[in-house]
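Enquirer: So that we are looking at the same thing, I have put the structure below in structure tokens.
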Amino acid sequence: QKEVEQDPGPLSVPEGAIVSLNCTYSNSAFQYFMWYRQYSRKGPELLMYTYSSGNKEDGRFTAQVDKSSKYISLFIRDSQPSDSATYLCAMSAFYGNNRLAFGKGNQVVVIP
Amino acid sequence: NAGVTQTPKFRILKIGQSMTLQCTQDMNHNYMYWYRQDPGMGLKLIYYSVGAGITDKGEVPNGYNVSRSTTEDFPLRLELAAPSQTSVYFCASSQGQGNNQPQHFGDGTRLSIL
């Protein structure tokens, strides 16, 4: 079983729709959970950052963490064409060298 | 705000050639990392450094070397380029020693080995 699973299948949605992305993981030591957004030919940029279980909201973006199910989600409300990008989940344990385990990434296309 | 700067942006190498990918950060971060990103495969850690003079291997270190003589710079060296090293390489940095410090990435070096 891979440490972090993220279905890489491309996702196309019409403008204004809700985008739902998720990752599952196997390492129960993970405590910090992140979502990165990566535009074409650019480096990943941090979008959302949460610690342990719970929800975090930032504008149109909501991150959810369910540690009991080892499942994290990212929701994008009122999606815009500018949200078209690849979204990568990442996570790390409380101890150690801040090593991030990444999912494969989801390509999202928002159609005007 | 420069953040993490990588050079060059693109490079084509012949098999067996060597090169150094440069990475510098101006945020005074202690931790620095090198990743490679292959299509559909996510990011894999090559090497990392927790401070000047200290480096350690990540998941896929074979064929690469690093050094960290200053806080700002963390170059990645390919000694004998192989087609399997065709990839996009990202450098990242983070502040402090805790795992609650998110990593900041450069825009990558696209490397093709023919």
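The values are calculated or read from the model by the stated rules, or taken from the named source; none is laboratory data. Every value quoted in this text rests on a predicted model; they were computed, and no experiment measured them. In this analysis, Cβ positions are derived from the backbone assuming ideal geometry, glycine residues included, and neighbour counts consider all displayed protein chains. Keep in mind that these areas ignore ligands, DNA and RNA; they rest on the heavy atoms of the full protein, side chains included. Shrake-Rupley method; radii C 1.70, N 1.55, O 1.52, S 1.80 Å.
Enquirer: Any chance you could count how many residues in the range B:44-88 are open to solvent by less than 70 Å² (accessible area, probe 1.4 Å), in a loop (DSSP other than H, G, I, E, B) and of a type in the set (S, T, N, Q)?
Expert: 4
Enquirer: Another question, then. Considering every residue within the range B:17-36, establish whether at least one is within 12 Å of chain A (Cβ to nearest Cβ), open to solvent by 10 Å² or more (accessible area, probe 1.4 Å) and over 19 Å from A:L100 (Cα atoms).
Expert: No.
Enquirer: Shifting gears a bit: Checking B:S69 against (1) touching a residue at least 24 places away in the same chain (Cβ under 8 Å); (2) away from every other protein chain (no Cβ under 11 Å); (3) touching a Gly at 6+ places or on another chain (Cβ under 8 Å), which test does it fail?
Expert: Every condition holds for B:S69 apart from (1).
Enquirer: Turning to a different aspect of this structure: Out of the residues in the range B:44-56 meeting the condition of being more than 22 Å from B:P83 (Cβ to Cβ) and of a type outside the set (A, V, I, L, M), tell me which one is nearest to the chain's Cα centre (by Cα).
Expert: Residues of the range B:44-56 that are more than 22 Å from B:P83 (Cβ to Cβ), as a first pass: B:48-56.
From the residues that got through so far, the ones that are of a type outside the set (A, V, I, L, M) too are B:48-49, B:51, B:53, B:55-56.
Numbers: B:Y48: 8, B:S49: 10, B:G51: 15, B:G53: 16, B:T55: 12, B:D56: 12 Å.
Here the residue is B:Y48.
Enquirer: Output yes when any residue across the range B:53-70 is closer than 24 Å to A:F102 by Cα and of a type in the set (D, E), and no when none is.
Expert: Checked against the condition, which is being closer than 24 Å to A:F102 by Cα and of a type in the set (D, E), the range B:53-70 yields at least one hit.
Enquirer: Just the residues that are outside any loop (DSSP other than H, G, I, E, B) and out of contact with any Cys (no Cβ under 9 Å at 6 or more places or on another chain), please, taken from the range B:93-114. Break it down into steps so the answer makes sense when it comes.
Expert: Taking the range B:93-114 first, the residues outside any loop (DSSP other than H, G, I, E, B) are B:93-94, B:104-105, B:109-113.
If the condition is that a residue be outside any loop (DSSP other than H, G, I, E, B) and out of contact with any Cys (no Cβ under 9 Å at 6 or more places or on another chain), then B:S94, B:H104, B:R110, B:L111, B:S112, B:I113 are the ones that fit.
Enquirer: Let me spell it out: the conditions are (1) open to solvent by 20 Å² or more (accessible area, probe 1.4 Å); (2) over 19 Å from A:Q38 (Cα atoms); (3) not in a loop (DSSP other than H, G, I, E, B), and B:T5 meets all of them except one. Which number is the exception?
Expert: With (1) open to solvent by 20 Å² or more (accessible area, probe 1.4 Å); (2) over 19 Å from A:Q38 (Cα atoms); (3) not in a loop (DSSP other than H, G, I, E, B) applied to B:T5, the lone miss is (2).
Enquirer: Can you name the residue in the range B:1-16 that is in contact (Cβ under 8 Å) with a residue 40 or more places away in the chain and of a type in the set (S, T, N, Q) and, of all such residues, is farthest from the other protein chains (Cβ to nearest Cβ)? Working first, answer last.
Expert: Taking the range B:1-16 as the starting set, the residues that turn out to be in contact (Cβ under 8 Å) with a residue 40 or more places away in the chain are B:3-16.
Checking the rest, the ones that are also of a type in the set (S, T, N, Q) come to B:5-7.
Details: B:T5: 11, B:Q6: 8, B:T7: 13 Å.
The qualifying residue farthest from the other protein chains (Cβ to nearest Cβ) is B:T7.
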